[in-house]
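Each remark here refers to the structure printed beneath this line.
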Amino acid sequence: MRKNKKLLFLSSKGGVGKTTVIANLGYMLATGFEKKVGLIDLNFCAPYLPTQLGVENRKMGVEKKQIFPVKILPNLFIVSNEFFLDDKEAPIIMRNYMYKIIASQIINDVNWDDYDYLFFDTPSVFSDEIMESIKLIENIDGVIVVTQPQNHSITGLKRTLRFVEQYHLPLIGIIENMVETKCPDCNKVSPLFSREKFKEFIEKKKLKTIAKIPFDREILKSTDNGISFVQRSSSENDITIFKQIINTIEEFPEKK
Ligand SMILES: Nc1ncnc2c1ncn2[C@@H]1O[C@H](COP(=O)(O)OP(=O)(O)OP(=O)(O)O)[C@@H](O)[C@H]1O
Ligand SMILES: [Mg+2]
């Protein structure tokens, strides 16, 4: 497989679990598939990917205009605006030109050459963070849209799909997150959302659902503890879903 496969993760709206999915896939690729993975946080104003992985207090190295990502594992690295912040409690206020500078630092000033995969986490809106970054990312190999299967997500999903089309990006498919939940007392599984219109929409658009991830309290707990679910879980069943997503990613045709 060619090195440097670049995947952009978009969403239908905020809070659907995009950062959680990326953190887990990154961890799984690095540990279960022995790939070298770079996680690139394009949420400049709300950078939560480092917190998800428990590395928010670390610093990136800087030497002679080169940036060195924070190492999570020997083959898992991350860059984020979070690491530039001195006062973690101050509001992150970004002016226009700053987006360009940060995008250039974390994309151009890092040597990404020998990475197998680069995963880009994005904000839920097409703000300057995405637009400035996209100009610098050459050849995006695939886009995954993370969404919740609810009627309320459809408008946002339509906008995201239109963006993908307008920028001629190759869509791998969608991940439906928080699909169902299991009662902790009786183990009964029930859907979290009323899914009818959403289901109709994805069928009409012939969208490929790569995976359906249940709402799982253990995933929530992992986030709160700054550790990936994949890393925390000892159950093969729990992590199978993330392995399946990676198989789909690995099989997705590469751009020449
Ligand atoms: N499958 C899941 N089961 C349980 N909790 C989940 C699941 N997926 C995500 N969460 C929780 O939902 C919350 C929001 O997730 P996350 O921050 O990944 O969303 P996001 O789409 O990246 O949000 P934003 O748009 O703000 O970047 C987190 O607390 C996370 O732990
Ligand atoms: Mg996020």
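A few notes on this one:
- Cα-derived Rg to Rh of the range 5-250, Kirkwood definition: 0.95
- Each label was represented as a point 7 Å from its Cα along the Cα-to-Cβ direction; for Cys45 and Leu73 these points are 3.4 nm apart.
- Rg over Rh, two decimals, the range 117-211 (C-alpha only, Kirkwood Rh): 1.04
- At most 14 other Cβ within 10 Å, DSSP loop - trypsin sites (Lys or Arg not before Pro), the range 136-228: Lys188, Lys205, Lys206, Lys208
- Area of Ser104 that stays accessible when all protein chains are in place (1.4 Å probe, Å², to 10): 40 Å²
- Computed [θ] at 222 nm, deg cm²/dmol, the chain (DSSP H ≥ 4; -39,500 (n - 2.57); rounded to nearest 500): -9500 deg cm²/dmol
- Applying a DSSP loop filter and a limit of 13 other Cβ atoms within 10 Å to the trypsin sites (Lys or Arg not before Pro) in the range 1-101 leaves Arg2, Lys3, Lys59, Lys64, Lys65, Lys88, Arg95.
- Rolling a 1.4 Å probe across all protein chains gives Val62 an accessible area of roughly 100 Å².
- Coil-residue GluC sites (Glu not before Pro) of the range 50-135, DSSP, other Cβ within 10 Å capped at 11: Glu89
- Cross-link table Lys3/Lys36; Lys5/Lys135; Lys35/Lys243; Lys13/Lys158; Lys13/Lys188; Lys35/Lys64, entries beyond 20 Å C-alpha to C-alpha: Lys13/Lys188; Lys35/Lys64
- Rounded to two decimals, the Cα radius of gyration of the range 37-115 over 2.2 N^0.38 Å is 1.04.
- Carbon plus sulfur fraction of accessible area for the chain, probe 1.4 Å, in percent: 49 percent
- For the chain, the membrane-span-like helices by this rule, meaning whole DSSP H stretches whose C-alpha atoms cover at least 15 Å of axis and whose Kyte-Doolittle mean is 0.0 or above, are 18-32; this says nothing about an actual membrane.
- Share of Cα-Cα pairs in the range 76-136 lying beyond 15 Å, as whole percent: 56 percent
- Counting only protein heavy atoms and a 1.4 Å probe, the chain has 51 square angstrom of accessible area per residue.
- Counting only residues at least eight positions apart within a chain, or on another chain, the aspartates and glutamates with an alpha carbon under 14 Å from that of Lys88 are Glu56.
- With the simple spin-label model, which puts each label point 7 Å out from Cα in the Cβ direction, the Met98 to Ile246 separation comes to 3.6 nm.
- Fraction of antiparallel bridges per DSSP, the range 143-208 only, in percent to nearest 5: 40 percent
The values are calculated or read from the model by the stated rules, or taken from the named source; none is laboratory data. Quick caveat: nothing in here was measured; it's all calculated off a predicted structure. Here Cβ is always computed from backbone atoms with ideal geometry, including for glycine, and neighbour counts include all displayed protein chains. These accessible areas exclude ligands, DNA and RNA; they are computed on the full protein's heavy atoms, side chains included. Shrake-Rupley method; radii C 1.70, N 1.55, O 1.52, S 1.80 Å.
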